[in-house]
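The values are calculated or read from the model by the stated rules, or taken from the named source; none is laboratory data. On a predicted model such as this, the values are computed, not experimentally measured, just so you know. Every residue, glycine among them, receives a Cβ derived from its backbone with ideal geometry; neighbour counts consider all protein chains shown. Ligands, DNA and RNA are stripped out before the accessible areas are found, and what is left, the full protein with its side chains, is counted by its heavy atoms. Shrake-Rupley method; radii C 1.70, N 1.55, O 1.52, S 1.80 Å.
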Amino acid sequence: MASQRLPYADTAPILTQPDDTEDEEKEGLPSDHEGVVDVQTITGISPTHAGFIVGVLCFVNLLNYMDRFTVAGVLPDIEHFFNIDDSKSGLLQTVFICSYMVLAPIFGYLGDRYNRKNLMCVGITFWSIVTLGSSFIAKERFWLLLLTRGLVGVGEASYSTIAPTIIADLFLGNRRSRMLSIFYFAIPVGSGLGYIVGSKVKDVADDWHWALRVTPGLGVLALLLLVTVVREPPRGALETHSDAPLKNTSWLADLRALSRNRSFVLSSLGFTAVAFVTGSLALWAPAFLYRSRLATGSTQPCSTEVACKNTDSLIFGAVTCVTGVLGVSTGVEVSRRLHRTNPRADPLVCAAGLIGSAPFLFLAVVSAQGSIVATYVFIFIGETLLSLNWAIVADMLLYVVIPTRRSTAEAVQILLSHLLGDAGSPYLIGLISDRIQRDRPPSFLSQFRSLEYALMLCAFVGVIGGGFFLATACFIEADRKRTELYAQGQLPESPEGEDRIVVPQRGRSTKVPISSVLI
């Protein structure tokens, strides 16, 4: 019967929609015991093995973010070594993100159509080689460091667009949410470890170049684990209750469908604000705290005789690790509990986290000169609230997008969030800081003030992003139910448009928006 399933579409006869969608959803979800049996029967992968696969994917994700923020952990040393200003420092992160976001749609397309495990293996191998090569660049060739940081985006794009879709094909319901939360623990924890490992390895070796040589070595271990542990599950089998292969639509048809998926578009815009804020803080927070110490005279500046002694990278990394674990776990748990009474809990929790973080991040910036301790307290609260979003946004994408479009959806979300978010925010913050400094006499205080004023932008962007998540809450129920019907093959393809359904009215066919019926 599975082979006779109709192709996927975003259109459907109205009579396929049950009256009581909530009851059907509850009845359609298997119990915990049934869910375990279904996974092993349909995918051929035991629950224990599936857990090991998630562990490996989480480890690789951890390495990705360690590598990304190792550069931020030794940024003062890089600035001193290459003799560059703030805008060029911000460009290091920007070229990486630009490469990452441009390549993401390519790997999203490939991930929906070809073996995902093989794609990840190739990407991790390339990433490890390029990262290792970037640690041997001479001080006269800063442009080459920019090039290698851009090439690192190849490896991350091949992984980040694909790994969440494998988890989606191994678990359902609350299990999927829990496994995604474990996977996304790696983002803040890996980011924090990047600062910590970068700064400590630099101190031990007395050379910041060695900080860039840690993750390539661990990348070899990650590659071995990918080859030996990870298996490719059938796409969407758990949701269609069949191991029959799904049919792909064209890439353009996928993009059209995603552009009409309001929950996906609005949540991606909200996540763009998260990327803007976290990207700015990730690169500039340690440097900002270091400048505040210089402005108050509590530390010495970098020079030929005096190396950059900056403990803020280590402290900020530890704060990022703790707030990440706390925020991700809290976000998932709060959302799970609120779902019992409010099906729109996911976007509402995201909105509350992003809007709530704005005043604390603003206070962290303005209190830096007066009290470093108060700054860290505000950063702790603000980053915890920001971290509520990570796993929830990923879960929303997976349940409002059909299985054959998920890698493409991941890629589009990466492209959008980075294009308007952290691709330009580090450079923009650095550029604003440089422009403000031009009108001031050179001093440690002016360098601190200029970066302080530039970082205030993050609080305002956070409020805007929270508004997009509030808008997502208006459509999330209808889009989720519609996706469930697609996965079960109940919505036939319509050649005339992907957001219309045919409704019999007085003997004639009438076209109305699907949302007007499902809502």
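Annotations for the structure displayed:
- Residue that is under 18 Å from GLU452 (Cα atoms), surrounded by 24 or more Cβ atoms within 10 Å (Cβ to Cβ) and at pLDDT 90 or above, where the choices are GLY353, GLY382: GLY382
- Residue tally, condition open to solvent by 30 Å² or more (accessible area, probe 1.4 Å) and touching an Asp or Glu at 6+ places or on another chain (Cβ under 6 Å), over the stretch 189-208: 0
- Filtering the stretch 385-402 to residues that are open to solvent by 10 Å² or more (accessible area, probe 1.4 Å) and in contact with a Lys or Arg (Cβ under 9 Å, 6 or more places away or on another chain) leaves ASP395, TYR399.
- The stretch 260-289 residues that are closer than 27 Å to ARG482 by Cα and of a type in the set (D, E, K, R), paired with ones that are open to solvent by less than 10 Å² (accessible area, probe 1.4 Å) and in a helix (DSSP H, G or I) (beta carbon under 8 Å, 6 or more apart): ARG262/THR472; ARG262/ASP479
- Residues in the stretch 274-292 that are within 12 Å of the chain's Cα centre (by Cα) and open to solvent by 10 Å² or more (accessible area, probe 1.4 Å) were compared, and the one that is farthest from PRO188 (Cα to Cα) is PHE276.
- Helices (runs of 4 or more DSSP H) contained entirely in the stretch 8-88, each with at least 3 residues that are at pLDDT below 50 and of a type outside the set (A, V, I, L, M): 21-28, 32-43
- Among the helices (runs of 4 or more DSSP H) confined to the stretch 166-282, the ones with at least 2 residues that are modelled with pLDDT under 85 are located at 173-205, 237-240.
Yes or no, residue by residue, for (1) of a type in the set (Val, Ile, Thr); (2) open to solvent by less than 20 Å² (accessible area, probe 1.4 Å):
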position	(1), (2)
GLU79	no, no
THR94	yes, yes
TYR100	no, yes
ARG113	no, no
PHE126	no, no
GLY155	no, yes
ASN174	no, no
ARG178	no, no
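For every residue, the table says whether it meets (1) open to solvent by 80 Å² or more (accessible area, probe 1.4 Å); (2) under 30 Å from ILE162 (Cα atoms); (3) assigned to a helix (DSSP H, G or I).
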{"residue": "GLN413", "(1), (2), (3)": "no, yes, yes"}
{"residue": "SER417", "(1), (2), (3)": "no, yes, yes"}
{"residue": "GLY421", "(1), (2), (3)": "no, yes, yes"}
{"residue": "ILE429", "(1), (2), (3)": "no, no, yes"}
{"residue": "ARG435", "(1), (2), (3)": "yes, no, yes"}
{"residue": "PRO441", "(1), (2), (3)": "yes, no, no"}
{"residue": "PHE448", "(1), (2), (3)": "no, no, yes"}
{"residue": "VAL461", "(1), (2), (3)": "no, yes, yes"}
